[in-house]
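J.: Have a look at this one.
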Amino acid sequence: MAALCRLRQCHPTGVVISHLHTSSRVSAKQHYKMLVLGGGTGGIAMSARMKRIVGADNVAVVEPAEMHYYQPIWTLVGAGAKTVASSGRSTASVVPSGVKWVKSKVQEINPETNTVRTEDGNEISYEYLIVALGLQLHYEKIKGLPEGFEHPKIGSNYSLQTVEKTWKALQDFKEGNAIFTFPNTPVKCAGAPQKIMYLSDAYLRKTGKREKAKVIYNTSLPVLFGIKKYAETLWDIVKTRDLQVNLRHNLIEVRADKQEAVFENLDKPGETTVFEYEMLHVTPPMGPHSVVKSSPLADEAGWLDVNKDTLQHNKYPNVFGIGDCTSLPTAKTGAAVAAQSAILNRTIKKVMKKEKPDKKYDGYTSCPLVTSYNTVVLAEFDYNGQPLETFPINQAKERRLMYFMKADVMPHLYWHGLLRGFWGGPGPYRKLLHLGMK
């Protein structure tokens, strides 16, 4: 129950036991040249990069969690193809050696005084600030959750406490509706809500249960996927595999004791439909981190207000942002963070020299759309929704090679490249593979 209670205000992206870096709840040193908020993907990657620029003693990262998780693999955990244990490492092992780990939550950011207050009452001042706090999950905005997760047949790949419940619900499926949802908010990894649908369909076929199952994808969006090139492939898969897609359907209530899910028709506000389910996968509503939202750093919607080209804050020039917490108008993914880290590294170097940033982030993001236990459609695109593909082949096709990359190559690249500040996205390789044409 305690674990489910934590879902009421879930923590940000890449939630984060030893080597030479220092760690304590009360910091002797209260000022840092470079202060990083958040020990998720963006925070650790930038800590590693900043260590090389200003030295480890001048960098601190604020992160309360003892563990850091590679969340993109949770899609495969929910389908039984990977384990939760394989997705996590201790925060102590990923914070760069020598960098100060402040093991506390951020409570308040005051950019006017260049200070941050932590939950344990400490005040830390900074010369430069990188905000990488991720976003927050809001299961509690759906009536009946998170307490509904105490019942069987319901799971969610978006949290540590519920991802294994997805696999249990899939294994226990007998007959009826298998329902997958997409909320009426921005989300991280917008492809994940339908990836688990394709994997569940494949599992039910493999175990001989598919004929007794009706697989339903209820999404609040008016489209299946936002990029036309890949959406066409996905619609073909939906039709071929007899999957039912209901657009503009938003989950508003779960009656777990009755195995019922209530959806509102967003095109006809107030009109609701009750679906019975044998399995339900919930993608929760998401929103900006409460600390960012309540600070002067937020835009009107509560996201960190940064320049979309340079990732520098639009009002405070010594503040920068990366990842899911930002206002950047691109899909919130780990691949986006990788590309952003290289640009932000360059931006900060220039700002420190009192020079104008000269590299622009093009909005690159990627979504490996897992369509079965051995195929992936690798979607890559930019701010304009135009494909920005790494390989000189049509990536809108389902490919086994791309599944291998998703399941085995990308995790290795994450732990040993991105988190160590050595992987800044596939941009240079794209140019090479396309003979300089992209």
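J.: Applying the selection to the stretch 395-428, what residues are within 30 Å of ILE237 (Cα to Cα) and of a type in the set (Phe, Trp, Tyr)?
T.: TYR403, PHE404, TYR414, listed by residue number.
J.: Filtering the stretch 164-198 down to residues that are touching a strand residue (DSSP E or B) at 6+ places or on another chain (Cβ under 6 Å) and among the aliphatic types (A, V, I, L, M), which residue is farthest from ALA379 (Cα to Cα)?
T.: ALA169
J.: Which ones in the stretch 259-283 are of a type in the set (Gly, Ala, Ser) and within 17 Å of GLY148 (Cβ to Cβ)?
T.: ALA261
J.: I'd like to know if the stretch 2-22 contains one or more residues that are within 20 Å of GLU123 (Cα to Cα) and either at pLDDT below 95 or open to solvent by less than 20 Å² (accessible area, probe 1.4 Å) (or both).
T.: Yes, the stretch 2-22 contains at least one residue that is within 20 Å of GLU123 (Cα to Cα) and either at pLDDT below 95 or open to solvent by less than 20 Å² (accessible area, probe 1.4 Å) (or both).
J.: Ok, one more. When you scan the stretch 372-424, how many residues do you find that are within 21 Å of ALA45 (Cβ to Cβ) and assigned to a helix (DSSP H, G or I)?
T.: 13
J.: Within the stretch 137-157, which residues are open to solvent by 10 Å² or more (accessible area, probe 1.4 Å) and part of a strand (DSSP E or B)?
T.: Correct list: LYS143 only.
J.: Determine whether the stretch 252-265 contains at least one residue that is within 21 Å of the chain's Cα centre (by Cα) and either of a type in the set (S, T, N, Q) or surrounded by fewer than 21 Cβ atoms within 10 Å (Cβ to Cβ) (or both).
T.: Looking for residues that are within 21 Å of the chain's Cα centre (by Cα) and either of a type in the set (S, T, N, Q) or surrounded by fewer than 21 Cβ atoms within 10 Å (Cβ to Cβ) (or both), one finds none in the stretch 252-265, hence no.
J.: Here's another thing I want to ask about it. Is the stretch 346-366 home to any residue that is acidic (Asp, Glu) and either touching a strand residue (DSSP E or B) at 6+ places or on another chain (Cβ under 9 Å) or in a strand (DSSP E or B) (or both)?
T.: Residues of the stretch 346-366 acidic (Asp, Glu): 355, 358, 362.
Filter again for either touching a strand residue (DSSP E or B) at 6+ places or on another chain (Cβ under 9 Å) or in a strand (DSSP E or B) (or both), leaving none.
No, every residue in the stretch 346-366 fails to be acidic (Asp, Glu) and either touching a strand residue (DSSP E or B) at 6+ places or on another chain (Cβ under 9 Å) or in a strand (DSSP E or B) (or both).
J.: A further question on this structure: Please count how many residues of the stretch 116-136 are within 18 Å of SER290 (Cβ to Cβ) and outside any loop (DSSP other than H, G, I, E, B).
T.: Number satisfying all stated conditions: 7.
J.: Test THR330 against the criterion of being part of a loop (DSSP other than H, G, I, E, B) and either within 14 Å of the chain's Cα centre (by Cα) or not assigned by the TED database to the domain that holds TYR126 (or both), and give yes or no.
T.: yes
J.: Quick check on this structure: which one of THR310, THR326 is at pLDDT 95 or above and either within 24 Å of MET286 (Cα to Cα) or crowded, with 24+ Cβ neighbours inside 10 Å (or both)? Break it down stepwise before answering.
T.: Working: THR310 fails: either within 24 Å of MET286 (Cα to Cα) or crowded, with 24+ Cβ neighbours inside 10 Å (or both).
Step by step, each of THR310, THR326 is checked, and only THR326 is at pLDDT 95 or above and either within 24 Å of MET286 (Cα to Cα) or crowded, with 24+ Cβ neighbours inside 10 Å (or both).
J.: Given the criterion surrounded by 19 or more Cβ atoms within 10 Å (Cβ to Cβ) and assigned by the TED database to the domain that holds TYR126, identify the matching residue among VAL54, VAL84, VAL61.
T.: VAL61
J.: Hey, which of the strands (runs of 3 or more DSSP E) in the stretch 158-248, taking only ones fully inside, have at least 3 residues that are among the small types (Gly, Ala, Ser)? Step through it out loud before you land on a result.
T.: Details: elements: 176-182, 213-219, 244-246.
Counting at least 3 such residues, we get no strands (runs of 3 or more DSSP E) at all.
J.: Could you identify the single residue in THR283, THR240 that is open to solvent by less than 60 Å² (accessible area, probe 1.4 Å) and of a type in the set (Val, Ile, Thr)?
T.: After ruling out the rest, the residue left standing is THR283.
The values are calculated or read from the model by the stated rules, or taken from the named source; none is laboratory data. Please read these numbers as outputs of a predicted model, since none were measured by experiment. Don't worry about glycine lacking a Cβ; one is built from the backbone with ideal geometry, like all the others, and counts go over all protein chains shown. Only protein heavy atoms, including side chains, enter the accessible area calculation; ligands, DNA and RNA are left aside. Shrake-Rupley method; radii C 1.70, N 1.55, O 1.52, S 1.80 Å.
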